[in-house]
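Inspection log for the structure reproduced underneath, given as structure tokens.
Here, each number is a calculation from the coordinates, and none is a lab measurement. No experiment lies behind these values; they were computed from the predicted model shown. We place every Cβ from the backbone using ideal geometry, glycine too, and count neighbours over all the protein chains shown.
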Amino acid sequence: MGMSTFQKWSDSALPSVRDALQLLASSGPVDTGALHSSAHITGPLPIDVLAVTGRDRVRFLNAMLSNDVVLLDGAGPDHGVRATLSSVQGRLVADTHLYLVDQEKKTGSMLALFEADASHAFVEMLDKYVIAEKVYFEPAELVAIAICGPGAEETLRAAGADLPHESHHAHIATKVGGIPTRIIRRDLGVPEGHLLLVTEGEVDALSASLNLPSATLEQLEAARIEGPLPRAGGDMTPLNIVLEAGLKERAVSFTKGCYIGQEVICRIDSMGTPARLLVQLQGGEEPPSPGTELFRDGKAVGYVTSAVDSVRLGGPVFLGYVKKRSNEPGTALQVGEADGPSAEIQAVV
């Protein structure tokens, strides 16, 4: 007997993300309405932060990752880019957000953000490719908190902060309530999403200076699924290539030079859409557990990756992979069994 869909997903997911998503699906209704009406603070978040240094850091990462890291040198500090590290088979190893801090060739640095525990696989794989290059990866002594919701920017300004420019992945070193902080623009599924990077010892003082109501990690995660936004380690695992997960426009350059997995990724792109895509669905009475199969006309056509009982959207909303010819918005699928509850595809992620 072959391995079950659930087991394949579970084995490929990051353990910490897998556990959080399983808990969220079974935790009952989650209301994100407050995040859409006013500013809130959440954290610390389960995010790894690495400092990337060495004179060859930009050239090396550009040769390894899916996006055009070299463009950061032209854009300058306060810019960033999202990129992925893939296996030679084009399967996801790590999803990262890179932020240029100082572009001075020898002494400058970048920050790389990952899901918690995902940075290890990134560094372990890249270390195998370092021969004579000067590039170093070290944990940065920083933690991330989220500030999001209408009024977030006004609150940050009132605390004395400068804000990043308006482009994607923009960031800036500033002070919030007198505390050194790096503010990053980040799509969190609600208005005015930002990550704030601070030292662990300053989290309480920074939070006190903003005096915002707290939102739970579950609320932030529910907003992501409502978004819909894919989460590395759960909605994107080594089972997937980046094109399946909605990252073609977000994290892939088709004009840069070679990188690991490029041949597979470009070949699949040249053939049109991938064999399956990550979609958002709504329906049923209970959120399905991640790994639950999806059916159409009695045949299995996909599986669930994350789910929540959304108060704001009026019931279960979830993400999952669905095969070509069954993944168009408006398509009805059965959840869990061929005659299971019906859910409708709302959007391709």
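The distance from the alpha carbon centre of the range 311-349 to that of the range 245-280 is 23 Å, rounded to a whole number. On full extension, the segment bounded by residue 91 and residue 297 gains 71.2 nm, given 0.36 nm per residue less the C-alpha separation. Applying 1/(1 + (r/R0)^6) with R0 = 51 Å to the Cβ-Cβ distance of residue 168 and residue 4 gives a FRET efficiency near 0.85.
Taking the chain as a Gaussian network, Cα atoms linked when under 10 Å apart, which of 268, 183, 172 shows the biggest mean-square fluctuation? Highest fluctuation of the listed residues: 268.
Annotation for the range 204-291: GluC sites (Glu not before Pro) lying in DSSP loop with at most 12 further Cβ atoms inside 10 Å of their Cβ are 285.
Within the shell defined by Cβ-Cβ distances under 15 Å, the residues around residue 191 carry a net charge of -2, with Lys and Arg each +1 and Asp and Glu each -1. Put a plus charge on the Cβ of each Lys and Arg, a minus charge on the Cβ of each Asp and Glu, and nothing anywhere else: the dipole of the chain about its Cα centre is then about 1060 debye. Of the GluC sites (Glu not before Pro) found in the range 75-127, the ones in coil according to DSSP and having at most 13 other Cβ atoms within 10 Å of their Cβ are 104.
Non-local lysine pairs in the range 32-273, meaning eight or more places apart or on different chains, with alpha-carbon distances under 29 Å, amount to 12.
Once the mean of 1/r is taken over each pair of separate Cα atoms and inverted, the chain shows a Kirkwood hydrodynamic radius of 20.9 Å. In this label model, residue 138 and residue 332 are separated by 6.0 nm, measuring between points 7 Å along each Cα→Cβ vector.
Extension gain, residue 258-residue 348: 0.36 nm per intervening residue step, less the Cα-Cα distance, totals 29.6 nm. By the rule of a C-alpha distance below 23 Å, with chain neighbours fewer than 8 residues away ignored, the lysines paired with residue 8 are 299, 323, 324. Each Lys or Arg adds one and each Asp or Glu takes one away; over the other residues whose Cβ falls under 9 Å from the Cβ of residue 310, this sums to -2. Separation of the range 138-204 and the range 20-75, taken as the distance between their Cα centroids, equals 13 angstrom.
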